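Engineer: Below: one structure in structure tokens.
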Amino acid sequence: MSFVYKADPVRGAVWAELFAHAMPDLPFHIWPDIGDPREVRYLAAWQPPDDIAERFPNLEVLFSTGAGTDHFDLSAISPALPVVRMVESGIVAGMVEYVTLAVLAIHRDWGRYLGQQRAATWGPHRVYPAASRRVGVLGLGVLGRAVLERLSGFGFTCAGWSRSPQQIEGVECHAGPEQLAAFLARTDILVCLLPLTDSTRGILCRRLFDQLPRGATLINVGRGGHLVQDDLLEALEDGRLGHAILDVCEPEPLPPDHPFWTHPQVTLTPHIASMTQPESAVEAVIENIRRHREGLPMTGLVDRARGY
């Protein structure tokens, strides 16, 4: 029985050291060293091999090294093989930090003041209380809930939207297609934290932007596939949106001549909002291995019907 890690080899070396201390009875291999493929019971990967069933005939669990599994071709993976996405404290903390930074930068006009500094212009503007800003989060999973909890602490008026009904203290929760319009109408700063599925691909489009208050801001920390890029550029040009902060794009990286690079109303970061931290990631994986061995439900187990 063994474990194979197939992602960034530098992080893999840290994983190997942590596994050696926490689970010394489980041989740990870093791709392309897989040991005896018949012994591999657990695989952690960013992109699994195409021939996963043939290569690892006795594989029992496939772990994603990221918070999502949209980079997996689930149709090529046996429905009998459990797929587990990464749910660990490091990802949550990083995402909360990034979204809080982005929301506060918008709220306190940070971009405007940076522009004024470059122009050597001293010009204070009115400071509004956080309670006057209406923040809305698309996606109420672990990350969305953590983000809303932090933003509520600043006093922002917070709401969330998800496919199914949720209850979060101090947050106005909306659910389902029939409540999306009402959620958007009350949102000045929109944060996308949805999983990427067939139903959410392209959701950040002209139709959605038209339902936001004029001048609203978009923060996309979900996936690049959520955004229709031409629709965003059009919304920024005609003033329907005031600014967009994008940590994810499609493709990544963007080509050098892409208009997002130089657009004055777009802020780009290179998919760094949140990253798995080796220590907490290994802790989460080992706990799920323990749960799997004891026949208990694993945290982050993907529902194939929902796609996440």
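The values are calculated or read from the model by the stated rules, or taken from the named source; none is laboratory data. All values reported here derive from a predicted model rather than from experimental measurement. Heads up, the Cβs are rebuilt from the backbone with ideal geometry, glycines too, and the neighbour counts pull from every protein chain shown.
Engineer: Restricting to region 243-288, name every residue that is in contact with a His (Cβ under 8 Å, 6 or more places away or on another chain) and closer than 19 Å to A45 by Cβ.
Structural biologist: Matches in region 243-288: E252 only.
Engineer: Additional query: For region 173-201, enumerate the residues that are surrounded by 15 or more Cβ atoms within 10 Å (Cβ to Cβ) and without any contact (Cβ under 8 Å) to a residue 40 or more places away in the chain.
Structural biologist: Those that are surrounded by 15 or more Cβ atoms within 10 Å (Cβ to Cβ) and without any contact (Cβ under 8 Å) to a residue 40 or more places away in the chain: C173, H174, A175, L180, T200, R201.
To keep it simple, each residue is scored yes or no on (1) basic (K, R); (2) part of a helix (DSSP H, G or I); (3) in the same structural domain as H263 (by TED's automatic domain parsing); (4) over 14 Å from S162 (Cβ atoms).
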{"position": "E172", "(1), (2), (3), (4)": "no, no, yes, no"}
{"position": "A181", "(1), (2), (3), (4)": "no, yes, yes, yes"}
{"position": "L196", "(1), (2), (3), (4)": "no, no, yes, yes"}
{"position": "S199", "(1), (2), (3), (4)": "no, no, yes, no"}
{"position": "L208", "(1), (2), (3), (4)": "no, yes, yes, yes"}
{"position": "R214", "(1), (2), (3), (4)": "yes, no, yes, yes"}
{"position": "T217", "(1), (2), (3), (4)": "no, no, yes, yes"}
{"position": "D231", "(1), (2), (3), (4)": "no, yes, yes, yes"}
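Engineer: Give the number of residues within region 47-85 that are of a type in the set (A, V, I, L, M, F, W, C), part of a loop (DSSP other than H, G, I, E, B) and either in contact with a Leu (Cβ under 9 Å, 6 or more places away or on another chain) or in the same structural domain as C192 (by TED's automatic domain parsing) (or both).
Structural biologist: 6
Engineer: When you go through V142, V87 one by one, which is the residue that is at pLDDT below 95 and touching a Gly at 6+ places or on another chain (Cβ under 7 Å)?
Structural biologist: V87
Engineer: Could I ask something else about it? Can you give me the number of residues within region 6-55 that are at pLDDT 95 or above and touching a His at 6+ places or on another chain (Cβ under 7 Å)?
Structural biologist: Result for region 6-55: 1.
Engineer: What number of residues in region 260-271 are in contact with a strand residue (DSSP E or B) (Cβ under 8 Å, 6 or more places away or on another chain) and in contact (Cβ under 8 Å) with a residue 12 or more places away in the chain?
Structural biologist: Final tally of qualifying residues: 6.
Engineer: Of everything in region 95-130, what is among the charged types (D, E, K, R) and either in contact with a strand residue (DSSP E or B) (Cβ under 9 Å, 6 or more places away or on another chain) or outside any loop (DSSP other than H, G, I, E, B) (or both)? Give them in sequence order.
Structural biologist: Within region 95-130, E97, R112, R118 meet the criteria.
Engineer: If you go through region 131-167, how many residues are closer than 30 Å to V87 by Cα and either assigned to a strand (DSSP E or B) or aliphatic (A, V, I, L, M) (or both)?
Structural biologist: So the answer is 18.
Engineer: Anything in region 1-45 that is part of a helix (DSSP H, G or I), without any contact (Cβ under 8 Å) to a residue 12 or more places away in the chain and of a type in the set (D, E, K, R)? List them, or say none.
Structural biologist: Scanning region 1-45 gives a single hit, E17.
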